[in-house]
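Everything below concerns the one structure shown next.
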Amino acid sequence: MKKLAVLFLTSLLVCAMDFSCKAGQVLDRILNNMILDVSNGPVNYKQSKTVTSKKPLGQTFTTGSRTVEVSRIAIADAWWHPSWSEDESLVLTLWDSPAKTKQIASAEMPYKWRAWEGGVIMFTLNAPVQPSTQYYFELTVKGGDGEIVGIFLGGEYKGGQAYEGGEPVEKNIWFEVHSRPVFDRDAAYADRFSRWNLDYPGLERVKEAVLAKDWDRAVDELIKYYESRTDLINPADKPKKNPNYDTTADDLVLEMKYKDPAGTIVDLGPNWNHYREWPTRGGVGLTRTGLFKNFRSAYLNTGDEKYAKAFNEFMFHFLDDMPSPLRAGVIKPGDKRVKAAPEPGLAGGSMWAGLSIGARMNQIWWAYSGMHASPNFSRDIRAAWIFNMVDMAEVLALQKGGGNWESQMTTALYSLAERHPELAKSKEWFDQGVTEMLNNLWATSRADGSVQEPTFGYTTLIINRYKALLDTCRKLKIQLDAKYIKRVEKTIEYLMYNTEPDGLLPSRGDTFNFVSSKSQLEWGADYYGRQDFRFVATGGKQGSRPLSTSAFFPIGGWLVMRSDWSPDALYLNLHNGKDMGHGHADELSVVIDAYGSKLVVDPGCYIYGTKYHSELYKTRNHATVTVDDADTRVREMGPNRWVGMRTVDYFEGTNTGYEGLPDNILHTRRIVFVKPDYWIFEDTVAGHGEHEIAVRFPFYPGAVTLDSKSGACHTHNKKGNVLIKPCSNRGFKSELYDYGFPIGEAKLDQARILKYSKKCNLPISFDTLIFPYAGQNPPRVDITPVGEAAFRIQLLDKCVNDVVCLDTTKTSELNFKGRAAVLRLQHTKLARFAWIDGTKLEYGGKMLAMTDKPLSSLEVIYEPDVVRIIASQPEPSLQVASMKRKYCVVGFGKPFEVKGDVIQPYAF
């Protein structure tokens, strides 16, 4: 009986390799999927052994009671170790015993194929074996110097013995045996069809065949059902020759090769290995549509059946080599929830991660539809793919993620259930998906509208899932608690305020360049009737302006300062919040736009997994301050404060320190926006001891000029530019150096970073003028210190004389008590002033304002006949100089006549 089972399985294997076999035999093999027969626990990446041609590594193991084929054996190796040379192969041979009397199968892993995800290399053997029998596999080295270092260890295994050089040893290398059991065809097909509600309209013929156990007919009827659904299969998806279509990339895929975004040709052998690992793998999307798009596009644009034939073979390996970890026994039937990122090996690794299968199971029909017209897209592969869709849903329903992963996974689950009501668990999956997506919405969004992952690429991604949820519930007339609907509105509002003047969002964190907020804002305008959303979405062509220009999001640690809502507006974006995923070490960094140009930027993200992706994470690539080039701590959020007024915005924030440095070394950044013209930055680093301090400003690609003597630096764009200039000489060295600014996901454009640096004892402060301007000529700006923390800023082209004070200051000209103050003189006449936490302001010997108790904000504007006073609270002791104005307006009140030189706006 055992021999018959082995012969039957062997015939299935032969047919699986020959797609001209009778319908059903290829499908039978795929449905008789590999299972985890033997394993010795997790990989121990801290300990390893060396295999040599003279000292092979071996292991005996015992097959399971129903095992009739050893399909694969997996080991774990540090393939990146330089000991594995280009002319070497790692060979795994399966023997009957350590005596090696009979060789059963062998597989060779050459250098070019050595790189597997997580170091887990899987050797395909497809060897018929006997159940409950002990076998021996051995690793040897072929070619080269005969030595490969880094075969990782595993745990204890009682069903066999480890060997080195033919001698028993105690420590086992890590291994898995992936086997196939005796195939019970009736049980296998009955189990698969139990995943459908066969009473669902349209499945009558499927049910009839299932009840008769006519599995081949049941499969045929199931395929007919799905291919009759025009919501899944587009009848227009038929090949049409396109003479201009370039098949170069697609022809590489036929050769099991892929040209990645960096231009590197990657060999995906053996058999389009989806666990192949290389530095730019993250940019290929191998876990999602990946190579599907090449086959689909090539076939539809050429009609050449070679692409369909190759696709069919590709899909066999895709489905056969990567079975469901639930069906493979890695996930146990009783498991309630499992992690969304499985271990490499038969557990599925990245290919069965929740993010991957959530996307793939909803993309199946796009790829299927593109190939459906081909006679070489076999019936068995069509059916296996449909069954695989349900396998993915079953695993996804068990997986638990977080953040944007959870939002994508839960959306995928309820979306599949809505699209496929014919599935037995569709209602259960729909309810689970919607419930968990609501929980995710509440967990990942904040009351201020910000989203937990501080990167706008993922913010828009997750908000798209919120949108889909609300749309689905509205369509299906599902009543939602109003708090969820309001929370989504706040997230759209958050996007609105962060939107740059050109309609894009900053390339923060793991955002590839700049993403648009247009679709989210347009949706929000329609859903909520918000005309301010529409205004920003259309660039001011429709709707009405938002009520305010600047905005602060205290929970997320985001700040936006903006002069107005025109395309030429001055715009500053700052982040000083936690990184809860996909963020960078960017505490207190800024992004600046003005006059239609991107000026100071966050470089954003490069291809996942590359060294440059890791480099762009670092603080030194952001417009902030580093100490000894260390990265900022990102797991906690320091204090932030913002005060917004009509003529001045003020921000003050402190980070939580730097990795590897004493806790008392902290950076505080204060920003004063003197509207509508410029910003003053004060950067202070607290602590003690000698350290190197660096203040950096990465520019968008373009020409930049630096006067190294004065430290003044300006850009050379066609439209908007910026002048950056130290406010005083504190001995900082200035320099420009190159960096690569990512364009899209794979290209780097040369850009410059401005760096001011000094090795000094802490504490230290550095003040900077950031002055945007339109056109090619830098403005004539003169900066003169008028105290320890006060500067006169003369805008010579505008006859404007400003005084910016960043602390309590007393000189013959200026007497201020408070945190910060700004005075503006136009043509020598006082036009306005404002303070933060002030009690007294005198200028030129004249008292401008005073109060017994500090006011967190005070703004006074002198118009030709009116003085406007806006205070943070109605303080009765406040006195303000009238400067001979006839009328006074307090807050948004009515004008009243001024009597005398002093106004007491709140004296009742």
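Among the chymotrypsin sites (Phe, Trp or Tyr not before Pro) in segment 201-267, those placed in a DSSP loop whose Cβ has at most 16 other Cβ atoms within 10 Å are Tyr245.
Could you work out the local net charge near Thr230, counting Lys and Arg as +1, Asp and Glu as -1, over the other residues with Cβ closer than 15 Å to its Cβ?
Numbers: positive: Lys224, Arg229, Lys238, Arg419; negative: Glu227, Asp231, Asp237.
Summing Lys/Arg as +1 and Asp/Glu as -1 gives +1.
Quick one: if the Förster radius is 60 Å, what FRET efficiency do Tyr528 and Glu167 give, using the C-beta to C-beta distance and rounding to 0.05? Walk me through the numbers on the way to the answer.
Numbers: r = 74 Å, r/R0 = 1.23.
Efficiency computed from Cβ-Cβ geometry: 0.20.
Pairing the Cα long axis of helix 379-398 with the longest principal axis of the chain, what angle in degrees results, from 0 to 90 and rounded to the nearest 10? With rounding to tens, the tilt is 50 degrees.
If you place +1 on the Cβ of every Lys and Arg, -1 on the Cβ of every Asp and Glu, and leave all else neutral, what size is the dipole of the chain about its Cα centre, to the nearest 20 Debye? Numbers along the way, then the final one.
Values: 110 positive and 109 negative charges, 385 e Å.
It comes to approximately 1840 debye.
Computed over the alpha carbons of segment 119-247, Rg followed by Dmax gives 25.1, 66 Å.
Specify the angular offset, from 0 to 90 degrees and rounded to the nearest 10, of the alpha carbon long axis of helix 426-444 from the longest principal axis of the alpha carbons in the chain. For helix 426-444, the angle is close to 30 degrees. Within segment 461-492, the trypsin sites (Lys or Arg not before Pro) that combine a DSSP coil assignment with at most 15 other C-beta atoms in a 10 angstrom radius are Lys477. If you plug the beta carbon distance of Lys798 and Met580 into 1/(1 + (r/R0)^6) with R0 = 35 Å, you get a FRET efficiency near 0.20. Ranked by the mean number of other Cβ atoms within 10 Å of their residues, highest first, the peptides 606-613, 385-392 come out as 385-392, 606-613.
Spacing of the modelled spin labels on Asn729 and Asp237, each 7 Å from Cα toward Cβ, amounts to 7.1 nm. Just to check I understand the Karplus step: with θ = phi - 60° and J = 6.51 cos²θ - 1.76 cosθ + 1.60, what whole-Hz values come out for segment 797-803, glycine and proline as x? With the stated coefficients, segment 797-803 comes to 6, 10, 6, 10, 10, 9, 10 Hz.
Given 4 °C and 1.567 mPa s, how large is the Stokes-Einstein diffusion coefficient of segment 33-181 in µm²/s, with Rh as the Kirkwood radius over Cα pairs? List each step's numbers first, then the result.
Values: Rh = 15.0 Å.
Answer, rounded: 86 µm²/s.
Counting only DSSP beta bridges with both residues in the chain, tell me the antiparallel percent, nearest 5. Working shown, then result.
Values: 194 of 200 bridges.
Taking every DSSP beta bridge within the chain, about 95 percent pair in antiparallel fashion.
Between the beta carbons of Lys54 and Glu343, assuming R0 = 35 Å, the FRET efficiency works out to 0.60 to the nearest 0.05. Entry note, the chain: the mean residue ellipticity at 222 nm calculated from DSSP H runs of n ≥ 4, each adding -39500 (n - 2.57), is -8000 deg cm²/dmol after division by the residues and rounding to the nearest 500. Beta bridges per DSSP, both residues in segment 780-908: antiparallel share near 95 percent. Within a Cβ distance under 9 Å of Gly146, other residues only, what is the Lys/Arg minus Asp/Glu net charge? That sum, taken over residues with Cβ under 9 Å, equals -1. Values [x] -0.86, -1.15; [y] -0.78, -1.24; [z] -1.04, -1.35 are given for comparison; log10 I(q)/I(0) by the Debye sum over Cα atoms at q = 0.08, 0.10 Å⁻¹, derived from the coordinates here, is the one labelled [x]. Look at the Cα gyration tensor of segment 601-775: its axes a ≥ b ≥ c give a/c under 1.5, and that counts as rounded. Restriction of the trypsin sites (Lys or Arg not before Pro) in segment 316-377 to DSSP coil positions whose beta-carbon has at most 13 other beta-carbons within 10 angstrom yields Lys336, Arg337.
With each label modelled as a point 7 angstrom along the Cα→C-beta vector, the Asp738-Lys336 pair spans 5.8 nm. Restricting the calculation to Cα atoms, segment 255-316 yields a radius of gyration followed by a Dmax of 11.7, 34 Å. Here the 3J(HN,Hα) profile of segment 525-540, calculated from phi with Karplus coefficients 6.51, -1.76 and 1.60 at θ = phi - 60°, is 4, 6, 6, 9, x, 8, 6, 6, 4, 5, 4, 6, 5, 9, x, x Hz, Gly and Pro shown as x. Classification of segment 404-547 by its C-alpha gyration tensor yields a prolate form. The axis ratio a/c (a ≥ b ≥ c) is 1.5 or more, and a/b outweighs b/c. Classify segment 588-688: rounded, prolate or oblate, from the alpha-carbon gyration tensor (a ≥ b ≥ c, eigenvalue square roots; a/c under 1.5 rounded; otherwise prolate if a/b is larger than b/c)? Since a/c reaches 1.5 but b/c is at least a/b, the shape of segment 588-688 is classed as oblate. A simple spin-label model places the labels of Lys541 and Asn271 5.3 nm from each other, with each point 7 Å out along Cα-to-Cβ.
Values quoted throughout were computed directly from the atomic coordinates according to the rules given, and no laboratory measurement underlies them. What you see is a predicted model; the values in this text were computed from it and never measured. Positions of Cβ are backbone-derived with ideal geometry, glycine not excepted, and every protein chain shown enters the neighbour counts.
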